[in-house]
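Just so it is clear, none of the values below were taken in a lab; they were calculated from the coordinates. This one's a predicted model, so the numbers in the text were calculated from it and none came from an experiment. With ideal geometry, Cβ positions are generated from the backbone for all residues, glycine too; neighbour counts draw on all protein chains shown.
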Amino acid sequence: MRLPHIAPTADPDLALRLSAAINNKTKPLGSLGALERLASRLGLIQRTVAPTIEQPAILVFAGDHGVVAEGVSAYPQDVTWQMVENFLAQGAAINVFARQNGIDLHVVDAGVNHEFGVRAGLVDRKVARGTRNFAREPAMTPEQCAAALEHGAALAADLPGNVVGFGEMGIGNTTAAAALMHKLTGLPVADCVGAGTGLSPDGVLHKQRVIEAAVRHHAGVDDPLAVLAAFGGFEIAMMAGAMLKAAALRKVLLIDGFIVTSALLAAARIEPAILDYCVFAHCSDESGHRRMLDALGAEPLLHLNLRLGEGTGAALALPLLHAAANFLNEMATFESASVSEKSA
């Protein structure tokens, strides 16, 4: 498949104009902190000193993982499809936060081990009924991985707005994300593995050993696409494809927690310029997320001890994007408000 090309957002002249616009607002220099950096990022992405937040959407991708056969999750695989049903019934946390913040929510069956039939509110892009067990064989064939990437790109292209948030659901996907993190950053597996949905310390150690054995089994797999196919999930690969296309279309990417960031990590190894388009919603409580963010040079907006997934952190961070755009567009300047500037 042909992956989208992403242009860096670097524009020294526009960056200077954004800095001047921000600094001329009626406030001490730098006093809006991270909001000022966010406003500048939005402006560079949209190539304007007057960025806007239009029709924000969150794509929640769901998929199952064959590696759950190794006992790496505290919950049974059926929870994946049951939570998709909860999303469709408007009963999950992401439904609440999306409604609260005016976000269009799209639930995507990327590869759940369940047949939902034609359902209102469900986007069917099922590649297969879950990946294979990567402890024994590659999770996906190259063709399946390519199909997932292509489906994700098409979904992102169809969204009308300029902000795309990402969420996921899939029992076993913290195991896939930890394996991807290890392979794509070189960090020790022990630094990548956490409790996921609530494993005991012994369970975390078992998960670590499963990943270490799988890495040995797939020795020599180093190309980012091959790593994604060997260890990823259909929902992770589909997210990566959506991220790549959204960035190519100069949309803002609102990145959620550990699993979503692992999809971005894979996308960034394919197209490093994608990071220019990312806003990192939060640092989750899943062990390894902070290290993954550090590996990407990311500065998260929030730290709320979340570890739910679903795109909940992205939904909660959206009001900060509105705030960054709104202060830049609506706040008075020293001149317009007849306010004296700081003395030299």
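A few remarks follow.
- Calculated from backbone phi, Karplus (6.51, -1.76, 1.60) coupling profile of region 190-201 in Hz, x at Gly/Pro: 4, 7, 9, 9, x, 7, x, 7, x, 5, 6, x
- Crossing angle, helix 78-88 versus the chain [Cα axis fit, 0-90 degrees, rounded to tens]: 40 degrees
- Within a Gaussian network of the chain (alpha carbon springs, distance under 10 Å), most fluctuating of V221, V67, V84: V221
- Computed from label points 7 Å out along Cα-Cβ, the spacing between A157 and E143 is 2.2 nm.
- Here the 3J(HN,Hα) profile of region 267-284, calculated from phi with Karplus coefficients 6.51, -1.76 and 1.60 at θ = phi - 60°, is 4, 6, 6, 7, 9, x, 5, 4, 5, 5, 9, 9, 10, 8, 5, 6, 9, 7 Hz, Gly and Pro shown as x.
- Of (i) 69, 43, 40; (ii) 69, 45, 35; (iii) 69, 37, 33, the label for Cα extents along the principal axes in Å derived from the coordinates: (i)
- In this label model, H303 and R216 are separated by 3.6 nm, measuring between points 7 Å along each Cα→Cβ vector.
- Here the extension length gained between Q55 and A120 equals 21.4 nm, from 0.36 nm per residue of separation less the Cα-Cα distance.
- Among T333, T175, T131, the largest mean-square fluctuation in a Gaussian network model of the chain (Cα springs under 10 Å) belongs to T333.
- Computed [θ] at 222 nm, deg cm²/dmol, the chain (DSSP H ≥ 4; -39,500 (n - 2.57); rounded to nearest 500): -14000 deg cm²/dmol
- Cα centroid of region 255-288 to Cα centroid of region 43-67, whole Å: 12 Å
- Given charges at beta-carbon only (K, R positive; D, E negative), |dipole| of region 217-315 in Debye: 160 debye
- Rounded to the nearest 10 degrees, the angle from helix 173-185 to the longest Cα principal axis of the chain is 70 degrees.
- Listed from fewest to most Cβ neighbours within 10 Å, the set H114, H282, H65, H322 follows the order H322, H114, H282, H65.
- In terms of packing, defined here as the mean over residues of other Cβ atoms within 10 angstrom, the peptides 4-11, 290-297 line up highest first as 290-297, 4-11.
- Debye, to nearest 20: dipole size of region 57-325, +1 on Lys, Arg Cβ, -1 on Asp, Glu Cβ: 100 debye
- Computed from backbone phi with θ = phi - 60° and the Karplus coefficients 6.51, -1.76 and 1.60, the 3J(HN,Hα) list for region 39-53 is 4, 5, 5, 4, x, 5, 5, 8, 6, 7, 8, 10, x, 10, 10 Hz; x is used for glycine and proline.
- For the residues G198, G63, G152, a GNM of the chain with alpha-carbon springs under 10 Å puts the largest fluctuation on G198.
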